[in-house]
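Below is one structure, written out as structure tokens, with a few remarks after it.
FYI, it's all coordinate maths here, none of it is from the lab. Bear in mind that the values here come from a model prediction, so they are computed numbers and not experimental data. We place every Cβ from the backbone using ideal geometry, glycine too, and count neighbours over all the protein chains shown.
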Amino acid sequence: MADPSNISRRMSLSAIVQAIASYGPISRASVAKITGLSKQTVSEIVGNLEEEGWVRTVGQTEGHIGRRAVVYEIVPDAASVASVDLGGTKIRVAICDLTGAIVSELVETTDKAGGEAVVRQVVDLVNRAAAQVTSSPTPPRVAVIGVPGVPDPVTGQIKLAPNIPGIDSIDARGLWQQSLGIEVFVENDVNLAALGEHWLTKRGDKDDLIYVSIGTGIGAGLVVGGQLHRGSSGAAGEIGYLPFGADPFEDESLKVGALERVTATQAIKNGYAKATGKTLSVPDIFDAAATGDQAALTALDEIARQVARAMAALAAVMDPTCIVVGGSVGTRDELFGGVEKYISMCFPRAVQIEKSVLGNHAALAGGTSVALSRLHLSLFTEGLKGVEIAVPPPSIDTFKVGVA
């Protein structure tokens with residue numbers, strides 16, 4: 001039977017850390033008031049946290065009559081976490097301190113060999129990014145890796161990730177955990193982006209939020225009641241497989257998704273090539289549209305029309321407070337404006353659509369929020385079940401202070 005006094009201590013420790021993380025700099029008296037714990041208990045635990053290097057004094061309270069009180073905050077560089085955005089074309093790795101600020105970041109082109117080569121590349125990037133952090137020479141304690149597919153929690157394989165060959169046939173999570181030697185969590189990258197937008201951009205009041213990413217592919221992350229909705233198999237939000245746009249019964253649709261075939265990067269290139277016989281990159285097609293190239297304008301207009309149909313379907317099923325659009329293609333003005341136009345033409349209610357504020361750092365922000373929560377739980381609850389620590393978000397400027 002568990003020692004009741006030990007359980008009580010762990011609950012007190014968790015509550016005190018939560019108060020300091022959320023309201024610091026804060027005095028011990030204020031911590032006692034917020035947590036309902038005695039001043040003696042707070043003083044003892046805060047003293048231990050300070051001695052162990054997790055909190056520090058940062059001055060004294062101002063404007064109070066009588067003796068001023070010492071105030072405390074979490075020590076930012078007492079530990080770090082790694083957040084990884086693994087994409088089909090690029091890998092972005094950030095090392096973040098306990099406040100959520102990026103202190104080191106690296107970006108590389110994704111190894112086209114896929115599979116174990118990409119696993120090794122992620123490990124190398126995490127280690128190199130961590131080595132750049134001079135303020136905290138210790139390795140990160142937790143890593144969260146966002147992947148362009150559906151992670152299988154049993155096998156560690158990443159399903160529905162056609163842009164990274166071979167990643168679906170290996171235990172990616174197991175290999176990452178073994179190589180890094182730390183706790184590793186693998187999550188769908190668009191899910192993390194949805195969490196990042198909800199956590200970091202003051203959209204916390206919008207607890208029913210959909211994040212739609214359009215780039216190499218198309219996918220959605222669903223935040224329902226303030227919590228990420230993964231579905232029974234973790235595949236909620238794989239909207240590329242919605243059965244419209246292209247014929248859903250064709251082999252190609254079963255491979256990449258019927259909707260993805262008409263909404264993402266390849267669809268833009270195909271539309272332009274069909275009209276002109278020329279093969280251009282997506283950035284070049286956007287540039288051509290800016291000069292009035294009718295074929296480019298038509299290709300982008302058709303993509304916007306298909307994306308609007310998908311968002312109308314999401315709105316009909318989810319009735320979200322807000323749909324946030326991200327991704328290298330989704331945030332382009334030329335496409336975003338068309339989506340706004342067409343959704344008002346095909347859906348009877350107003351749908352609030354906003355551009356991503358975080359851009360290519362949305363998934364990193366979501367990964368950071370998850371990693372920090374897991375780290376706080378492992379450090380300050382000592383395995384106590386049923387306890388959650390909500391890590392307060394930094395400002396966007398603070399989060400991006402060390403971006404590459």
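Excluding Ala101 itself, calculate the net charge of residues whose Cβ lies under 15 Å from the Cβ of Ala101, where each Lys or Arg counts +1 and each Asp or Glu counts -1.
Charge balance in the 15 Å sphere: -4.
Quick one: grab Rg to one decimal and Dmax as a whole number for the chain, Cα atoms only, in Å.
Over the chain's Cα set, Rg and Dmax evaluate to 23.3, 81 Å.
Whole Å is fine, so just give me how far the alpha carbon centre of segment 139-166 lies from that of segment 238-289.
Between the Cα centre of segment 139-166 and that of segment 238-289, the gap is 25 Å.
Over the chain, what is the relative contact order in whole percent, taking alpha-carbon pairs under 8 Å and six or more residues apart?
18 percent
In square nanometres and to one decimal, what's the mean projected area of the convex hull around the Cα atoms of segment 69-189?
Result: a mean projected hull area of 7.8 nm².
Sorting check: for 297-307, 361-371, 272-282, which peptide has the highest mean count of neighbouring beta carbons within 10 Å, and how do the rest follow?
My ranking of the peptides, most packed first, is 361-371, 297-307, 272-282.
Counting pairs of alpha carbon atoms under 8 Å apart in space and at least six apart in sequence, what relative contact order in percent does segment 284-360 give?
Taking the mean separation of contacting Cα pairs over the length of segment 284-360, I get 36 percent.
Give me the net charge of Val282's neighbourhood, meaning all other residues with Cβ under 12 Å from the Cβ of Val282; Lys, Arg count +1, Asp, Glu -1.
-1
How do Trp199, Trp54 line up, fewest other C-beta atoms within 10 Å first?
Least crowded to most crowded, the residues run Trp54, Trp199.
From the residues Ser104, Phe249, Leu300, which one has its Cα farthest along the dipole of the chain in the positive direction, the dipole being from +1 and -1 charges on Cβ of Lys/Arg and Asp/Glu about the Cα centre?
Ser104
Based on the Cα gyration tensor of segment 202-356, what are the three equivalent ellipsoid semi-axes, each the root of five times an eigenvalue, rounded to whole Å and given largest first?
26, 18, 13
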